[in-house]
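Report on the structure given below.
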Amino acid sequence: MSHVPPARPLGQAPRSATLRRRGPLLALLPVAAITLAACGGGDSSGGGSAAGGLDDGFGSRNEARAVTFIEYYDPSTDAFWGQISQGARDAAELGGLDITEQNADGDASRMVDLISSAIATDPAAIYVPFNDPAWEGAACEADAAGIPVFAYNVPPSEAAVDCVQAFVGQDFTEVGRLVGERLLEEVDLQAGDKVLCPAEEPQQQYAIQRGGGVEQALAAAGVSCTYLRTGGADEEALNAMTTWLSANQDVKAVVPLGGTPHRNAVAAEDAAGVEVPIVGFDTSPQVIDGIKSGRIIATADQQGYVQGFQTVLQSTLFLDFGIAPADINSGGNALIDESNVANLEDPELQTVRW
């Protein structure tokens, strides 16, 4: 190829085309036909080398190929974040990006440090989930330094919306309504009934929006959520839910708002001597087993693989071609229940679908 690749992205995405636009979301980009002449993948220890690319320049047109993908939870211990990680690495390999993965292990202050450290390396792009506003300032510093910031999993607040190129993730409020409506279809709830809505961090945006959507649906029955902080560690979540359920034997349902409380919900009920319907969010082997056994009604799958894959893939289109990124709904509008849970059991799709 005779062109001289630019050192920086070919074009900046118009801010009005990203998070401030609330029209129909972009459909998933077609990637099945992409075949690289040669490519290099990355890994969590610092990435592999970028190489090759298509004849049109995808995967090589921009000379800057090093990118930093920052996760809030550890993908080696959290199945959902493992899906995100796998998607990001697969897209980086397709796009010839040299990806470095880092995770904060659920520590907000570490997220700030990781973003600040990434800025110092001047990567071609940084990918950040916005579970908490605590690190929005650091993300905006990256943007001010000319580093494109791509949001995934949880969107930034209005204060930082102009600091990111686009967001890939679930429409938490809309899917929350779907979960609440499904609970009402399955369970005869009456005004004043207790519904436990545990979340790793109830004050973070994902839990506020998911819980808000659930409560919008439950309001028709005069029911609201009782929120419980579980933390992001399995043992901590199990103990917190067991303690609450033991003290509230009259609870009518459990709606876990995050993957950690959801994958521990059945075990917590058993430990507390309570058995009530469960419907929640995210997938894991425990949630799949719970749906198959009938203990869990359904789950809203936000498809972590899509969040990692599409975030990194569209950043490559941006870097190489100046194609403006767009918000992408990674979760769709369907729940996983006993009718389709078998789709998540293919052993070859571990880290992709479960």
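The values are calculated or read from the model by the stated rules, or taken from the named source; none is laboratory data. Nothing here was measured: the structure is a model prediction, and the numbers come from that model. Cβ atoms come from the backbone with ideal geometry, glycine included; neighbour counts cover every protein chain shown.
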Output for the stretch 123-164, where each listed residue is within 22 Å of Ile323 (Cα to Cα), in contact (Cβ under 8 Å) with a residue 60 or more places away in the chain and not β-branched (Val, Ile, Thr): Ala124, Ala125, Tyr127, Gly146, Pro148, Phe150, Ala151, Tyr152, Asn153, Pro155, Pro156, Asp162
Can you find even one residue in the stretch 190-210 that is touching a Cys at 6+ places or on another chain (Cβ under 9 Å) and in a helix (DSSP H, G or I)? yes
Being touching a helix residue (DSSP H, G or I) at 6+ places or on another chain (Cβ under 9 Å) and more than 23 Å from Ser330 (Cα to Cα) narrows it down to one residue among Arg89, Arg65; which is it? Arg65
Per the filter on the stretch 303-337, residues among the acidic types (Asp, Glu) and either over 25 Å from Asp78 (Cβ atoms) or touching a Phe, Trp or Tyr at 6+ places or on another chain (Cβ under 8 Å) (or both) are Asp320, Asp327
First in the stretch 330-354 and within 20 Å of Gln310 (Cβ to Cβ), second anywhere and at pLDDT below 85 and of a type in the set (Phe, Trp, Tyr), Cβ under 9 Å, 6 or more apart: Leu344/Trp354
Give just the number: which of (1) surrounded by fewer than 24 Cβ atoms within 10 Å (Cβ to Cβ); (2) farther than 27 Å from Glu201 by Cβ does Leu319 not satisfy? (1)
Scope the stretch 316-333; condition among the small types (Gly, Ala, Ser) and touching a Leu at 6+ places or on another chain (Cβ under 8 Å); matching residues: Gly322, Ala326
Given the options Leu313, Leu245, Leu257, name the one that is more than 25 Å from Gln170 (Cβ to Cβ), buried (at least 22 other Cβ atoms within 10 Å of the Cβ) and of a type outside the set (Lys, Arg). Leu245
Within the bounds of the stretch 293-302, is there any residue that is touching a residue at least 40 places away in the same chain (Cβ under 8 Å), within 21 Å of Asp74 (Cβ to Cβ) and assigned to a helix (DSSP H, G or I)? no
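Taking the options Val266, Val287, Val255, name whichever one is without any contact (Cβ under 8 Å) to a residue 60 or more places away in the chain, closer than 20 Å to Leu178 by Cα and assigned by TED's automatic domain parsing to the domain that holds Asp193.
Val287
Can Ala64 be described as closer than 21 Å to Gln307 by Cα and either buried (at least 17 other Cβ atoms within 10 Å of the Cβ) or at pLDDT below 90 (or both)?
Working: closer than 21 Å to Gln307 by Cα: no; either buried (at least 17 other Cβ atoms within 10 Å of the Cβ) or at pLDDT below 90 (or both): yes.
Taking the combined requirement at face value, the residue does not satisfy it.
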